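The values are calculated or read from the model by the stated rules, or taken from the named source; none is laboratory data. Predicted model only: the values in this text are computed from it and were never measured. Methodologically, a virtual Cβ is constructed for each residue, glycine included, from the backbone with ideal geometry; neighbour enumeration extends over all protein chains shown.
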Amino acid sequence: MSTDTGVTTGAAGAAAAGERLLEVEHLTVKFPTADGLVNAVTDLSYGVARGKTLGIVGESGSGKSVSSMAVLGLHDPRRTRIEGSIRVDGQEVIGLSEAKLRRIRGNSAAMIFQDALASLHPFYRVGKQLSEAYAAHHPKASARDARRKAIEMLDLVGIPQPDRRVDDFPHQFSGGMRQRAMIAMGLINDPSLLIADEPTTALDVTVQAQILDLLGDLQREFDSAIIIITHDLGVIAEMADEVLVMYAGRAVEYGATRELLTHPEMPYTWGLLSSVPDVSGDVDARLLPIPGNPPSLLDPPSGCSFHPRCVHRDKVPGDLCTTTIPDLSPGGRGPGHLKRCHLADPERIYATEILPEIAPDLADGAPAAPAAAPTNKEA
Amino acid sequence: MGPPPPPRPTVGKFAFIVKRLLAGLLVLSTLVVSIFLLFWYGPRSPVQGLCEQRTNNRCTADFRAQLEENFGYNNPMLSELGKYVAGIFTGRDIQLGANTFVECSAPCLGLSYRTFVPAFDELVRRLPATISLAVGAAVIILLVGVTSGVLAARRRGTVADKALVSATLLMSSIPYVLFALLVYLYLNVINEVFPEAGYTPLTENPVAWLSGLLLPWLALGFYNSTQYTRFSRGAMIDALSEDYIRTARAKGLSSRTVTFKHGLRSALVPIVTIFGIDFAFLLAGTIFTEIIFGINGIGRWGLEAIQIEDFPVVQTTVLFGAIVVIVANIVVDILYGVLDPRVRIS
Amino acid sequence: MVSVQKDADATLTRHRSGGEPVLEVEDLKMYFPVKSSGLVRRTVGHVQAVDGVSFQVPAGGALGLVGESGCGKSTTGRLITRLHDPTSGAIRFEGTDLAKLSPRQMKPMRRDVQMIFQDPFSSLNPRHTVGAIVSSPLVTHDMVPKNKVLSRVQELLEVVGLNPEHYNRYPNEFSGGQRQRIGIARALALQPKLLVADEPVSALDVSIQAQVVNLLDDLQKEFGIAFLFIAHDLAVVRHFCPEVAVMYLGKIVEIADRETLYNRPHHPYTQALLSAVPDVRQAAVGGRRERIRIEGDVPSPINPPSGCRFRTRCPLAKEICARVEPPLMQIGRRHKVACHFPGELGKHPEEPVTARLLGVDDQGSPDPGGSPTDLGNPPGFADTWFDLDKRQMAGATSRSTTQDAG
């Protein structure tokens, strides 16, 4: 474990480190269970600056949600072992008392969740749930003030006739409106950090587009830092300034979105890119799935946790992949792009083996040319 | 501009209640007829018990025949059933001897074979005792059961939680009769920790009412609260694992608000459902409690009526029990709609 | 333009090689009654879940059915496998109308038409072993002698990429992707000619989705199974299906070969849908892709908008759209669209192209001089179509021998 707590971790990605609103360092989260210790997150470091968006990508069990729940101290301390440091606007969160945590939750840092129907209480009116969030951090506000604030927020997120819909129950809202209401609730105390956990996964694409636009607009308005957790690289590409790719509880690649998605250096990221068909890609191209299944967090593989599924393992000399966890360190593309991989020349492999498969149109010409933009770009 | 609001289900609460009442009425009529038939065509003469009672167990065939004649068992069954049903609505005079008539006003459910008092009047006389017992026990059941269940759910997995659950399981594995007898024996007879159990009307002497019912309340309440401990604990754990609880915590609400306002509010729905039916059964008569603690309530009355084949009383207690259960079901369904806005009976 | 033409020709030959349609659905409707509350539960309305859908699936080919939740795509799939009884319409499978069959008559047909479900967790009985799950259709339909069942099960497990020795395990011992493979093995047991796949990969993790899509790809090539592929993921459908239909509120609004549908969609809804998909390649540019913003949510199918059902959210909607429903009109060799103003993005006509066909004026009011043409709602494509540029009928032959158009 001590192998990867090297020099590289803290200074990841962003140019303006130190100024960042959220600073997560060496975060490790473990859950003791009857079957053993679940290593949900291991030695994870990242940060977000005000007005910026960090995208965290990973599949189920990658630790992406666990780590962000830890930011709000939402894990039951009796059932969780947390180490490392999480600072929200300079305030250390780990080890903070429940009372002090409560002052952060929903106030300076808020969270919205994937399934808005399940995440809103079915028995309380939408407005009530919003004003409750407001009153929790404005003890002096009257019930009328809180209600007025709730209506104002519903209006802000684009709910028609907010003064009427404020008294609806969540089940009377459509899916998109419920997610808008969730966002309104998250933003009601003007948080400087908003964590959106799969905010659009359950929604239809046209509604997803509306919600993502809304998040972007609100971010510009409130200058908040946003963490968007998703499995959809398309969402990341359009929303995030920086990307953190997680696998089996660890960061495996971290860098600026444009840099990372145009020059990915980690085979797992390649796998994610190549296993999703593209709306404008070649239809005869075969998808290149990642073989096998995500590893058990009870008993993670030795060495690099991705090695049992990695098709490029044989390009690394010896048995390095199976014995040694690679550091999260800069590859050939500068200090802003970190990857956890033993491959010596990932850029060449990507350009010659991966890109021709997933985007032949990009492979020959200039690699990162925006000419790749989709055909239906007008309107 | 925006989408039209989703269609709201029309609240047909009135129609719903009428429908349920009609169904309840069907159940009641079926019960009336089937108990009637049971006594009428049962293996023994319906007046056998009465005959034994009147003759000190030296019932003769002649006397029995005379009783059968007096009580109308020689008339056609349907006409007697008709009289019985009509009596419920209009009241009737019931012939006892050659020239003896007893006035039985509506709702007439027949005369008790033992006392020759209208069964309904006897029911009304015993009702306060049973209601007092049921309400007091219910308060204890809910207070102790739900509170301990909620506390256990909040501390689930801890030693205290495990100890509580084991204790309630242990308690439930003791038969209630044994439990109540032991309580009576140790806390009332051997050690006079509690005042003598019994029933005094509240209007007569509130202190005596309270002191006489205290022990039966505790026995009935604590024993039955154990299943509510486990049930509320389960309902609460389910509720606390919902996504909206995570949302509530993420809003920065205090743990008490999260537990009670968000968690318990949801857990109450299944608890209310179960409790409604349980309370109906308490009201319909708690036989063992009433017998052991010497309370002259409906349960004890019904049991005695079965022993001496007092047909009208048996019929009355069964009907009363059925009505209570039917009403409780309707009340639970209405409450369900009040508690869960998604249901809002339609 | 030339290359586009070549594409279309290529598609055509591919379809021709796919042969006759194995499935032909014509004017299929499914109205679910909405009951009133009260003492007597009257039917007060209908959810028009599927309202006059027609399409073909070529033998060994694949048709994609896309749309947002509530558009009726899943109901359509369930109608074809007769999990619901259609209100009206025909489902012709190799000439037999499945819609008219009794459950008993349907049983032998179920061999040929199988379904794969979305949720690999709830669609497998947790108390049955994988062997029992996969063998039950074999036993029910007496497909193989009793002593051969196990070997057939193992063969099927191997085909879908599972360890054949695991037939004795229970579904909970498998991951989501593996469970979906079990569901596929069960569907394959009867060697169906048509598989209705309802969101077969949307419940799976990204890396696993590709494995399952590739498996379905291989199965189609190897066994010549035709697919009705129902999904909301436009990219997956594009990858899998040479022909795609877009549904909105119970109706098909556009159907075309994939090159046309994805590169030159003519319906504003298809255009909005495509532009809404977040694109990884946008990373090279940064920021949000420019897109057509459509407001609001899908209206209730109980009370759908008059005229064109998309008009409440359509950026192009005009008066005629509220008055007259646009017919699903063939505008290309393999391209139909249901819009009064069909056109490529930014090139939508100013005047409704459908007015003359429908016998109305440009505002949609009945035109006394007009003579409405009944276009019908046929499942396949005709040899002639309405040419949008020339505003007249054109045909496949008209290009080579220009004179005999119409």
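Every condition in (1) assigned to a loop (DSSP other than H, G, I, E, B); (2) modelled with pLDDT under 90 is met by C:SER207 except one, and the failing one is (1).
Of the residues in the stretch B:282-305, at least one is of a type in the set (Gly, Ala, Ser), surrounded by fewer than 23 Cβ atoms within 10 Å (Cβ to Cβ) and assigned by TED's automatic domain parsing to the domain that holds B:TYR199.
Report whether or not C:ARG258 is surrounded by fewer than 23 Cβ atoms within 10 Å (Cβ to Cβ), more than 8 Å from chain A (Cβ to nearest Cβ) and over 17 Å from A:GLY55 (Cα atoms). The answer is no for C:ARG258.
Please go through the stretch C:297-332 and pick out each residue that is within 14 Å of chain A (Cβ to nearest Cβ) and at pLDDT 90 or above. Passing the criteria: C:PHE310, C:THR312, C:ARG313, C:CYS314, C:PRO315, C:LEU316.
Filter the stretch C:83-98 for residues that are under 26 Å from C:ASP119 (Cα atoms) and surrounded by fewer than 20 Cβ atoms within 10 Å (Cβ to Cβ) and give the result. Within the stretch C:83-98, C:LEU83, C:HIS84, C:ASP85 meet the criteria. In the stretch A:288-304, the count of residues that are out of contact with any Gly (no Cβ under 6 Å at 6 or more places or on another chain), aliphatic (A, V, I, L, M) and closer than 30 Å to C:ARG258 by Cα is one or more. Within the stretch C:146-196, the set of residues being without any contact (Cβ under 8 Å) to a residue 12 or more places away in the chain and crowded, with 17+ Cβ neighbours inside 10 Å is empty. For first residues located in the stretch A:256-271 and within 10 Å of chain C (Cβ to nearest Cβ) and in contact (Cβ under 8 Å) with a residue 12 or more places away in the chain, partners that are among the small types (Gly, Ala, Ser) and part of a loop (DSSP other than H, G, I, E, B) and lie 6+ apart or on another chain with Cβ distances below 7 Å form the pairs A:ALA256/A:GLY13; A:ALA256/A:GLY336; A:THR257/A:ALA240; A:ARG258/C:GLY286; A:GLU259/A:GLY336; A:THR262/A:ALA368.
crowded, with 17+ Cβ neighbours inside 10 Å, closer than 24 Å to B:ASP161 by Cα, touching a Gly at 6+ places or on another chain (Cβ under 8 Å) and in contact (Cβ under 8 Å) with a residue 12 or more places away in the chain: does that describe B:ARG230?
yes
Among the residues of the stretch C:336-347, just one is of a type in the set (Lys, Arg) and touching a residue at least 60 places away in the same chain (Cβ under 8 Å), namely C:LYS336. Of all residues in the stretch C:62-86, those satisfying the criterion of being in a loop (DSSP other than H, G, I, E, B) and away from chain A (no Cβ under 14 Å) are C:THR81, C:ARG82, C:LEU83, C:HIS84, C:ASP85, C:PRO86.
Note on the stretch A:106-140: residues that are farther than 18 Å from A:ALA202 by Cβ, charged (D, E, K, R) and facing chain B (nearest Cβ under 9 Å) amount to 2.
Results for (1) within 12 Å of chain C (Cβ to nearest Cβ); (2) within 25 Å of the chain's Cα centre (by Cα); (3) modelled with pLDDT of 75 or more; (4) assigned to a helix (DSSP H, G or I), shown as yes or no for each residue.
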{"position": "A:LYS339", "(1), (2), (3), (4)": "no, yes, yes, no"}
{"position": "A:HIS342", "(1), (2), (3), (4)": "no, yes, yes, no"}
{"position": "A:TYR350", "(1), (2), (3), (4)": "no, yes, yes, yes"}
{"position": "A:ILE354", "(1), (2), (3), (4)": "no, yes, yes, yes"}
{"position": "A:ASP361", "(1), (2), (3), (4)": "yes, no, no, yes"}
{"position": "A:ALA368", "(1), (2), (3), (4)": "yes, yes, no, no"}
{"position": "A:ALA371", "(1), (2), (3), (4)": "yes, no, no, yes"}
{"position": "A:PRO374", "(1), (2), (3), (4)": "yes, yes, no, no"}
{"position": "A:GLU378", "(1), (2), (3), (4)": "yes, no, no, no"}
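Take the conditions of a type in the set (S, T, N, Q) and farther than 22 Å from C:SER300 by Cβ and apply them to A:THR206. Does it pass?
Values: of a type in the set (S, T, N, Q): yes; farther than 22 Å from C:SER300 by Cβ: no.
Spelling it out, it is not the case that A:THR206 is of a type in the set (S, T, N, Q) and farther than 22 Å from C:SER300 by Cβ.
In the stretch A:77-105, the qualifying residues are those that are closer than 18 Å to A:GLU25 by Cα and among the charged types (D, E, K, R), and the one that is farthest from the other protein chains (Cβ to nearest Cβ) is A:GLU83. Can you find even one residue in the stretch B:232-246 that is assigned to a helix (DSSP H, G or I), out of contact with any strand residue (DSSP E or B) (no Cβ under 9 Å at 6 or more places or on another chain), of a type in the set (Phe, Trp, Tyr) and modelled with pLDDT under 95? No: the stretch B:232-246 contains no residue that is assigned to a helix (DSSP H, G or I), out of contact with any strand residue (DSSP E or B) (no Cβ under 9 Å at 6 or more places or on another chain), of a type in the set (Phe, Trp, Tyr) and modelled with pLDDT under 95. In the condition set (1) of a type in the set (D, E, K, R); (2) at pLDDT below 90; (3) crowded, with 24+ Cβ neighbours inside 10 Å, C:ARG288 is compliant with all but (3). Filter the stretch C:352-386 down to the residues that are aromatic (Phe, Trp, Tyr) and in contact with a Lys or Arg (Cβ under 9 Å, 6 or more places away or on another chain) and list them by number. Selection gives C:PHE381, C:TRP385.
Number of residues in the stretch C:280-312 that are more than 22 Å from C:CYS339 (Cα to Cα), out of contact with any Leu (no Cβ under 6 Å at 6 or more places or on another chain) and assigned to a helix (DSSP H, G or I): the value is 3. Taken over the stretch A:141-158, residues that are within 14 Å of chain B (Cβ to nearest Cβ) and within 26 Å of the chain's Cα centre (by Cα) amount to 4.
Contact annotation: residue pairs with Cβ atoms under 7 Å, 6 or more positions apart or on different chains, pairing a residue in the stretch C:317-335 that is without any contact (Cβ under 8 Å) to a residue 24 or more places away in the chain with a partner that is crowded, with 19+ Cβ neighbours inside 10 Å and among the basic types (Lys, Arg), are C:ALA317/C:ARG311.
Checking B:LYS251, B:LYS261 one by one, the residue that is within 14 Å of chain A (Cβ to nearest Cβ), modelled with pLDDT of 90 or more, surrounded by 23 or more Cβ atoms within 10 Å (Cβ to Cβ) and over 20 Å from the mean Cα position of the chain (by Cα) is B:LYS251 and no other.
Looking across the stretch C:107-137 at every residue that is assigned to a helix (DSSP H, G or I), of a type in the set (A, V, I, L, M, F, W, C) and touching a helix residue (DSSP H, G or I) at 6+ places or on another chain (Cβ under 7 Å), the one that is surrounded by the fewest Cβ atoms within 10 Å (Cβ to Cβ) is identified as C:MET109.
With respect to the stated conditions, A:ILE226 is closer than 23 Å to A:GLY336 by Cα and more than 10 Å from chain C (Cβ to nearest Cβ). Among residues of the stretch A:161-180 being in a helix (DSSP H, G or I) and farther than 18 Å from A:ALA209 by Cβ, the one that is farthest from the other protein chains (Cβ to nearest Cβ) is A:ASP163.
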